[in-house]
Amino acid sequence: MHRLRTCAARLRPLTVSQAAQTVGQQRPITVTSTGGKRTFQPIRCYTAPVASEPFLNGTSSNYVEEMYYAWLENPKSVHKSWDVFFRNANAGAPPGAAYQSPLRLSAASGLVAPQLSSLVGAQPNVEKLVEDHLAVQSLIRAYQIRGHHVAQLDPLGIMDADLDSCVPTDIITSSDKLGFYGLEESDLEKVFRLPTTTFIGGSESVLPLKEIIRRLEMAYCQHIGVEFMFINDLDQCQWIRQKFETPGVMQFTLEEKRTLLARMVRSTRFEEFLQKKWSAEKRFGLEGCESLIPALKTIIDKSSENGVENVIMGMPHRGRLNVLANVIRKELEQIFCQFDSKLEAADEGSGDVKYHLGMYHRRINRVTDRNITLSLVANPSHLEAVDPVVQGKTKAEQFYCGDTDGKRVMSILLHGDAAFAGQGIVYETFHLSDLPSYTTHGTVHVVVNNQIGFTTDPRMARSSPYPTDVARVVNAPIFHVNADDPEAVIYVCKVAAEWRATFHKDVVVDLVCYRRMGHNEMDEPMFTQPLMYKQIKKQKPVLQKYAEKLIAEGAVSRQEYEEEIAKYDKICEEAYARSKDEKILHIKHWLDSPWPGFFTLDGQPKSMSCPSTGLTEDNLNHIGQAASSVPVEDFTIHGGLSRILKGRAEMVKNRMVDWALGEYMAFGSLLKEGIHIRLSGQDVERGTFSHRHHVLHDQNVDKRTCIPMNHLSPDQAPYTVCNSSLSEYGVLGFELGFAMASPNALILWEAQFGDFQNTAQCIIDQFICAGQAKWVRQNGIVLLLPHGLEGMGPEHSSARPERFLQMCNDDPDVLPLIIFTPKSLLRHPEARSSFDEMLPGTHFQRLIPEAGVAAERPEAVKRLIFCTGKVYYELTKERKSRGLEDTVAISRIEQLSPFPFDQVKAETERFPNADLVWCQEEHKNQGYYDYVKPRIRTTTQKAKPVWYAGRDPAAAPATGNKNTHLIELRRFLDTAFHLDAFRDQQ
């Protein structure tokens, strides 16, 4: 068929209608091919019918028409019978006379095909023959496309997994439906040649229609439903067809069946043990989907066999304890002791419930005898929020071990059906899967499909047929499977792992199951799903069903089965006894991303103080030269960019830096020290405000780029700067996950505008701010948030600093994570620094004190204004215009949290006669005032009030009217410098 398509592609064939017109007119046909123009007589007896289904993976075509034009190019490219037929027809044979019977296949081949004439009678109707063959091909294709709609997927037998009880018209469920294809019941015994787009024949190339239908039903309509025909790659489709259509492909050895039974025993008895010991505790057990444990272990086993050494997992709370116990292999006593309400917390922080905790474990995979590292990422109840975090951590592990194609490190993501369909972060994460700077080279997604979301019927919770339909956007194959058929589950998991290893693309396993308990063990599901739970009460547990099957087959004896149960029960009881000795809860035992050695030096706690950040003059000049040049020959840059680079060179010459060059200096110095830097976000390569230009683009060659910062020195660390998809939630989660992998890197996420961080609020609230307290998890992620009120409206003005300040706990060991970056200051003539402020011995200044005229006679200063950010430049300009430089001091608090109590105290004591004012451009109910006021008062022992100068309270962050903006600006500047303003208020 490849040859047919290749030949057809080289020709310019007539359409069917054109061919029909030509036949009717009895004019010769002229075909233009690679060999030039060739003229043939028309086929008088044949006008090809159009197939009802698209042919070959979505491309509309006509099978016989393609064969005809392929034959015109090369008569040997078609079967001998068609060659004779086309020759006779071209020679002018009348209708019905062009056909001659083909030779019978030799008996040695084991296949003796009946002559086609015997299938259609003594006077063969060639058009009927062609139509029947096309009909069979359409039928095969229908099963490949829609067979999953009639697969027996629901273990309860009461729901349709696709929410539709209708059987597709083109699926043959009874002989009367043969008419859809123009076939009759008598055709069931006829033999048809199988196309190359199916493997149901195995070693056979022809089959009776009845057998074709039976084999299609076995492949696509039993306990496995396969969605893959939307994939636009023929090789991938063929690969999947072969895995599911080949007869006898789902065969298991005796050893495999016994291993599967043992894993089912562990999965089932673990939940029963917890229910027996702690019946009144929430644990979000796995009952109803016990096959998940052998499913995950199979994916890991097969991946380990293919060379994977590190598997990073994320999952919701259902079944987490079971996964920790039987997949990650967390010590059972450590799990059981979590149920002790009297357990004392030994570690700092609030901790978290047991079904949110993660784990990191390196062990031997007993199936492959290879080392494998397994980590389950801790996550909150915010469903699917962990997805991008896992992907980012996976990408980082791949990056740091040089795994450029994902052969050594992979991710597995578990999902609930309702969350997979309902949470937008799933879509955002999928859309990162093939982006060069974000791909993890394929993820295996496993959906635990309860067929219910808490109490919500899926018919009320999604609009698509399946909860997994979102995966179709990235051409991920989807394998639906009845979770009460463990062998079917294991088979699709093997195929999923092989798919990932072969194509390095995402794949989805949809475990269609049920929830034996309610949403949790305390919930009553009969309130809302009475019929479903009446059936569930009657449902025989899957372990019992599978054990009975194997006993009936003779694979195991009942005694062996009972001994396997007793053996695991004993393991649980012994671990339970050991758990009684645990008196203290150590959350550090549950770390999912340990940073060994980072917090200690020579066995002692490492000082968290900030060393000097200064650079030598030579270093500054070297980095400055890189920032202002193009290190690649014959590289044409934009004229406007040439001016920017010249401007940078001039600044370096004058020993000055602006914001963009200062960022360049910071990044470059870290890279030269071997610190990897990754900057990610929307348009970060150029910078939203066209200030950064870290990636240069050749104006004459498409896709030719240059990153000067990667040309600083031969032994430098790599600099990764990457424009992201138009996502905040997904990309920030990804970068947070990347930052989890190593503390010795600078990972930055920049929002296009600071207010866009609110669409990633879940990551900020649940992972960044609370991660240390809940999971003792450290993270070095840095957020760059453009911020500033400039009269441009409420959008893009405020990064909402008050929210971040509210979430800080003022721990002196916590380092800054959030940088409110400027917009207007990027090009402000006063917002520049001299090299002198960056030389060795200089440090980051938590507070920049007043250093002007007012500092010369501090006792004469009547007002000390504290501020932060760009409002400083408006204040200094106003102070100068009013002639108050000797009576008003202005100090900048550069680090708000942890609050610099010591330096604020020193500054207030330096100006003993001054009123204290906090000035901000933000509205009073926003910004920093509510945070800094009590802290400044603490430093003065509440001896002085802290007055407010800024905008009045408002609901929106900023006005959109330029005149109103200027009025507000003038008003708060008047307040800040009116020396009697606050006394008048009293």
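In summary, residue 462 fulfils each of the numbered conditions (1) at pLDDT 95 or above; (2) outside any strand (DSSP E or B); (3) surrounded by 17 or more Cβ atoms within 10 Å (Cβ to Cβ) with the single exception of condition (1).
Somewhere in segment 413-436, is a residue surrounded by fewer than 20 Cβ atoms within 10 Å (Cβ to Cβ), touching a strand residue (DSSP E or B) at 6+ places or on another chain (Cβ under 6 Å) and touching a residue at least 24 places away in the same chain (Cβ under 8 Å)? Checked segment 413-436: no residue is surrounded by fewer than 20 Cβ atoms within 10 Å (Cβ to Cβ), touching a strand residue (DSSP E or B) at 6+ places or on another chain (Cβ under 6 Å) and touching a residue at least 24 places away in the same chain (Cβ under 8 Å).
The residues in segment 628-671 that are under 13 Å from residue 695 (Cα atoms) and touching a Gly at 6+ places or on another chain (Cβ under 9 Å) can be counted, and the count is 2. The residues on offer are 509, 492, 470, 556, and the sole one that is touching a Cys at 6+ places or on another chain (Cβ under 9 Å) and buried (at least 18 other Cβ atoms within 10 Å of the Cβ) is 509. For residue 621, the conditions (1) modelled with pLDDT under 95; (2) surrounded by fewer than 17 Cβ atoms within 10 Å (Cβ to Cβ) all hold with the exception of (1). Contact map, segment 607-633: residues that are part of a loop (DSSP other than H, G, I, E, B) paired with residues that are surrounded by fewer than 17 Cβ atoms within 10 Å (Cβ to Cβ) and among the charged types (D, E, K, R), Cβ distance under 8 Å, separation 6+ or inter-chain. Pairs shown: 608/813; 628/646.
If you take the residues in segment 836-854 that are touching a residue at least 12 places away in the same chain (Cβ under 8 Å) and outside any loop (DSSP other than H, G, I, E, B), which one is farthest from residue 901 (Cα to Cα)?
Step one: filter segment 836-854 for residues touching a residue at least 12 places away in the same chain (Cβ under 8 Å), giving 836, 838-850, 852-854.
After this cut, where a residue has to be outside any loop (DSSP other than H, G, I, E, B) as well, the list is 836, 838, 847-848, 853-854.
Working: 836: 27, 838: 25, 847: 10, 848: 13, 853: 25, 854: 22 Å.
The selected residue is 836.
Is it the case that some residue within segment 533-543 is surrounded by fewer than 18 Cβ atoms within 10 Å (Cβ to Cβ) and either within 23 Å of residue 325 (Cα to Cα) or not assigned by TED's automatic domain parsing to the domain that holds residue 293 (or both)? Yes, there is a match, as at least one residue in segment 533-543 is surrounded by fewer than 18 Cβ atoms within 10 Å (Cβ to Cβ) and either within 23 Å of residue 325 (Cα to Cα) or not assigned by TED's automatic domain parsing to the domain that holds residue 293 (or both). For segment 261-277, filtered to residues that are among the basic types (Lys, Arg) and closer than 14 Å to residue 319 by Cα, the residue that is farthest from the chain's Cα centre (by Cα) is 269. Just to be sure before I move on: is residue 510 closer than 22 Å to residue 418 by Cβ, of a type in the set (Asp, Glu) and assigned by TED's automatic domain parsing to the domain that holds residue 432 in the structure I sent? Yes. Just so you know, in segment 279-334 the residues that are over 19 Å from residue 409 (Cβ atoms), among the small types (Gly, Ala, Ser) and in a helix (DSSP H, G or I) include one that is farthest from the chain's Cα centre (by Cα), and it is 325. For the subset of segment 814-835 comprising residues that are touching a residue at least 60 places away in the same chain (Cβ under 8 Å) and among the β-branched types (Val, Ile, Thr), which member is farthest from residue 789 (Cα to Cα)? Only one residue tops the list, namely 814. Counting the residues of segment 213-257 that are touching a helix residue (DSSP H, G or I) at 6+ places or on another chain (Cβ under 8 Å), basic (Lys, Arg) and over 17 Å from residue 508 (Cβ atoms) gives 3.
Going by the conditions given, is residue 566 in a loop (DSSP other than H, G, I, E, B) and at pLDDT 95 or above?
So residue 566 fails the test.
Within segment 830-874, the set of residues being more than 41 Å from the chain's Cα centre (by Cα) and β-branched (Val, Ile, Thr) comprises 842, 848, 853, 861, 865.
Only a single criterion out of (1) modelled with pLDDT under 95; (2) among the charged types (D, E, K, R); (3) within 23 Å of residue 856 (Cα to Cα) is not satisfied by residue 951, namely (3). With respect to (1) more than 20 Å from residue 826 (Cβ to Cβ); (2) modelled with pLDDT of 95 or more, the lone exception for residue 632 is condition (2). Just one residue in the set 744, 779 is over 30 Å from residue 355 (Cβ atoms) and not assigned by TED's automatic domain parsing to the domain that holds residue 966; that residue is 744.
The residues of segment 764-787 that are in contact with a Lys or Arg (Cβ under 7 Å, 6 or more places away or on another chain) and at pLDDT below 90, listed by number, are 771, 776.
Of all residues in segment 949-971, exactly one satisfies the criterion of being touching a helix residue (DSSP H, G or I) at 6+ places or on another chain (Cβ under 8 Å) and farther than 23 Å from residue 755 by Cβ, namely 949. Taking the criterion of being crowded, with 17+ Cβ neighbours inside 10 Å, among the small types (Gly, Ala, Ser) and part of a loop (DSSP other than H, G, I, E, B), the only residue of segment 171-221 that qualifies is 201. All but one of (1) outside any strand (DSSP E or B); (2) modelled with pLDDT of 95 or more; (3) closer than 19 Å to residue 306 by Cα hold for residue 412; state the number of the condition that does not hold. With respect to (1) outside any strand (DSSP E or B); (2) modelled with pLDDT of 95 or more; (3) closer than 19 Å to residue 306 by Cα, residue 412 is out only on (1).
Here residue 523 fulfils each of the conditions (1) part of a loop (DSSP other than H, G, I, E, B); (2) over 21 Å from residue 304 (Cβ atoms); (3) touching a residue at least 24 places away in the same chain (Cβ under 8 Å) apart from (3).
The values are calculated or read from the model by the stated rules, or taken from the named source; none is laboratory data. Because the structure is predicted, anything quoted here is derived from the model rather than measured. Here the Cβ is made from the backbone with ideal geometry for all residues, glycine too, and neighbour counts use every protein chain on show.
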